[in-house]
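Below is one structure, written out as structure tokens; comments come after it.
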Amino acid sequence: MHRIKGFDRSALIIAIISAVTPLVLPYPGAAIQHTSQTAIHSVTRHASHVRRAIIPNNLVRRLEKEGNFRLLLQALRETGMQSTLETERGPFTVFAPTDRAFASLSKDRFSELFKDRARLKNILKYHIVPKKVSSENIKFDSLRTLSGEYLMTNVTSNRAITVSGAVVVKQDMQCRNGVIHSIDTIMFPLTGMETLAVNSGAETTARGEKQ
């Protein structure tokens with residue numbers, strides 16, 4: 001072996017290569033650290049997979065099974081809300097507009113609805129209550145939705161259930177992570193101006209009735 005000023009040339013070359021490329025010639029203990037990091041990443045991925053595992057008989061599967069919620073399902077997919085209703089335990093109450101409810105929109109409003117995904121997502125959240133509300137528990141009340149706004153529920157004299165102007169046409173479709181009530185109208189969260197218009201309209205109607 002050739003030595004340079006007391007150093008073994010081979011040892012010097014190995015030391016340099018090891019310092020520059022630690023993955024080729026790892027420092028002592030690197031294998032243990034690499035194994036630990038791999039294990040951590042594996043556990044993290046596994047935990048993430050468990051958190052996002054699809055729940056059997058979830059809300060989305062029930063909507064698919066019913067067959068008349070194709071446009072609602074499309075909206076859920078395009079906004080990422082499908083994953084929420086498939087993987088989260090909830091429980092949730094979904095007031096689900098039928099395909100006929102979507103078809104009742106004008107062509108322009110329907111197109112506008114699906115163009116603005118952020119607004120569409122907020123509208124979908126407005127149809128979802130973060131607790132289970134069966135029809136037998138619905139009364140004249142307000143329910144806070146995932147959007148943070150409130151739905152107004154009522155039961156008419158002939159036992160029909162209404163939700164912010166929509167009529168429940170099918171009740172209590174039970175799922176593992178919640179319940180679905182089918183409605184005949186898409187509900188839109190009221191903006192400040194829309195609320196003012198509704199109130200003004202109600203006042204006008206009331207004055208007309210008095211006259």
Determine the pairs where a residue that is under 21 Å from residue 142 (Cβ atoms), located within the stretch 163-178, has a partner that is among the small types (Gly, Ala, Ser) and surrounded by fewer than 20 Cβ atoms within 10 Å (Cβ to Cβ) with Cβ atoms under 6 Å apart, the partner being 6 or more residues away or on another chain.
171/135; 172/134; 172/135
If the requirement is being of a type in the set (Ser, Thr, Tyr) and at pLDDT 95 or above, which of these qualifies: 157, 182?
182
Being within 23 Å of residue 70 (Cα to Cα) and aromatic (Phe, Trp, Tyr) is the filter here, so list the residues in the stretch 108-165 that pass it.
110, 114, 126
Residues satisfying the stated conditions in the stretch 83-132, i.e. of a type in the set (Val, Ile, Thr) and either more than 13 Å from residue 146 (Cβ to Cβ) or not assigned by TED's automatic domain parsing to the domain that holds residue 167 (or both)
87, 98
Testing residue 104 on (1) surrounded by 15 or more Cβ atoms within 10 Å (Cβ to Cβ); (2) touching a residue at least 24 places away in the same chain (Cβ under 8 Å), one condition comes back false. Which one is that?
(1)
Qualifying positions in the stretch 111-125 - surrounded by fewer than 18 Cβ atoms within 10 Å (Cβ to Cβ), of a type outside the set (D, E, K, R) and within 21 Å of the chain's Cα centre (by Cα)
114, 118
Positions within the stretch 126-169 being small (Gly, Ala, Ser) and crowded, with 19+ Cβ neighbours inside 10 Å, in sequence order:
164, 166
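The values are calculated or read from the model by the stated rules, or taken from the named source; none is laboratory data. Just so it is clear, the model here is predicted, and its values are computed rather than measured. Ideal geometry is used to build each Cβ from the backbone, glycine not excepted, and the neighbour counts take in all protein chains shown.
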